[in-house]
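Peer 1: My questions all concern the structure below.
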Amino acid sequence: MNLIVADTREQASQQAGQRVTAALERALATSPRATFIASGGDTPVECYQYLSRTPAPWGRVDVTPTDERDVPLSSQERNSRLLRHILQQKAARNCTVHEIDQFDALSQPAAVTLLGMGEDGHFASIFPDINNLHAVVDLSTRRRTFKIQTAANPALRTTLSLSALCHTKLIILLAFGEKKLSVIEHPQGLPIEHVFKQLKTPVEIIWSP
């Protein structure tokens, strides 16, 4: 696990974008297509804006969200809609954004997974209080997706399992703020600990205040 500290959130976002681009290009050097597993939420927006301006073989890139709210496809709340709105323009306009239920049809392993993290240590829709947490973070499971609903987050969601998120060549965690740094330094008992302690996939953490 490698922690990279950036001076500003803009710099952190650009560094994450550069690493995503490099990972995609490495994968595409030996494969006809590459998969990018992309987080929703506010944290990665500037990174995606950077990627949208970055020349790359985007016509050979498939993008899928880490998790999704179970709302209509036309809803503004869908992560796939966010990804299409930001990524499918400028240099990246030829990338293909898929719905989460199409994950199994994409090239495996993924080239890169970009994760965000909440101050409660959740990632994707893997929250601390889900009743099936043990199953969702079980690296031996063959299940790629789980339905998630909690008291704190009552809206039904679909999340990729930890096994699916780790079926990638690189995990990048992008995080901002002192509270999230505290979680990174002391993840014990929180969902994100399972990402940090797994040995299957290298993890790079990019953080800024």
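None of the figures in this text is laboratory data; all of them are computed from the coordinates on show. The shown structure was predicted, so the numbers you read here are calculated from the model rather than taken from an experiment. Neighbour counts run over all protein chains shown; Cβ positions are idealised from the backbone, glycine included.
Peer 1: Could you list all residues from segment 48-69 that are hydroxyl-bearing (S, T, Y) and either under 13 Å from the mean Cα position of the chain (by Cα) or in a loop (DSSP other than H, G, I, E, B) (or both)?
Peer 2: In the first step, residues of segment 48-69 are kept if they are hydroxyl-bearing (S, T, Y); the result is 48, 50, 52, 54, 64, 66.
Within segment 48-69, Y48, T54, T64, T66 qualify.
Peer 1: Related question: Filter segment 96-121 for residues that are more than 20 Å from L174 (Cα to Cα) and touching a residue at least 40 places away in the same chain (Cβ under 8 Å); which is surrounded by the most Cβ atoms within 10 Å (Cβ to Cβ)? Please lay out each step first, then the result.
Peer 2: First pass over segment 96-121, keeping only residues more than 20 Å from L174 (Cα to Cα): 96-109.
With touching a residue at least 40 places away in the same chain (Cβ under 8 Å) added as a condition, the list becomes 100-101, 103-104, 106-109.
Values: I100: 23, D101: 12, F103: 21, D104: 9, L106: 17, S107: 15, Q108: 12, P109: 18.
If we take residues in segment 96-121 being more than 20 Å from L174 (Cα to Cα) and touching a residue at least 40 places away in the same chain (Cβ under 8 Å), then I100 is surrounded by the most Cβ atoms within 10 Å (Cβ to Cβ).
Peer 1: Among helices (runs of 4 or more DSSP H) lying entirely in segment 123-190, which contain 2 or more residues that are within 29 Å of S107 (Cβ to Cβ)? Don't jump to the end; show me each part of the working.
Peer 2: Numbers: elements: 133-136, 162-165, 178-185.
Qualifying helices (runs of 4 or more DSSP H): 133-136, 162-165.
Peer 1: Looking at segment 184-206, can you tell me whether even one residue there is acidic (D, E), more than 21 Å from Q102 (Cα to Cα) and surrounded by 17 or more Cβ atoms within 10 Å (Cβ to Cβ)? Working first, answer last.
Peer 2: Filtering segment 184-206 down to residues acidic (D, E) leaves 185, 193, 204.
Next, only the ones that are more than 21 Å from Q102 (Cα to Cα) stay: 185, 193, 204.
Of the ones still in play, those that are also surrounded by 17 or more Cβ atoms within 10 Å (Cβ to Cβ) are 204.
So far as segment 184-206 goes, yes, one or more of its residues are acidic (D, E), more than 21 Å from Q102 (Cα to Cα) and surrounded by 17 or more Cβ atoms within 10 Å (Cβ to Cβ).
Peer 1: Also: I'm trying to understand the selection: among the residues of segment 191-209, which are in contact with a helix residue (DSSP H, G or I) (Cβ under 8 Å, 6 or more places away or on another chain), of a type outside the set (A, V, I, L, M, F, W, C) and assigned to a helix (DSSP H, G or I)?
Peer 2: H194
Peer 1: Still on this structure: Only residues in segment 1-30 that are surrounded by 13 or more Cβ atoms within 10 Å (Cβ to Cβ) count as the first member; pair them with residues that are of a type in the set (K, R), Cβ under 7 angstrom, at least 6 apart or cross-chain, and list the lot.
Peer 2: Sorted first by the residue in segment 1-30, then by its partner, the pairs are A23/K169; A27/K169; L28/R60.
Peer 1: Mind checking which residues of segment 159-182 are closer than 20 Å to V136 by Cα, crowded, with 20+ Cβ neighbours inside 10 Å and either in contact with a Leu (Cβ under 8 Å, 6 or more places away or on another chain) or of a type in the set (S, T, Y) (or both)?
Peer 2: T159, S161, L162, L165, C166, T168, I171, I172, L173
Peer 1: Next question, about the same structure. Please go through segment 47-60 and give me each residue that is surrounded by fewer than 20 Cβ atoms within 10 Å (Cβ to Cβ) and under 26 Å from S161 (Cα atoms), ordered by number.
Peer 2: R60
Peer 1: Going through segment 80-122 one residue at a time, which ones are touching a Gly at 6+ places or on another chain (Cβ under 7 Å) and either under 22 Å from K147 (Cα atoms) or in a strand (DSSP E or B) (or both)? Give the steps one after another, and end with the answer.
Peer 2: Looking only at segment 80-122, we keep the residues that are touching a Gly at 6+ places or on another chain (Cβ under 7 Å), and these are 82, 94, 116.
Residues satisfying the conditions are L82, G116.
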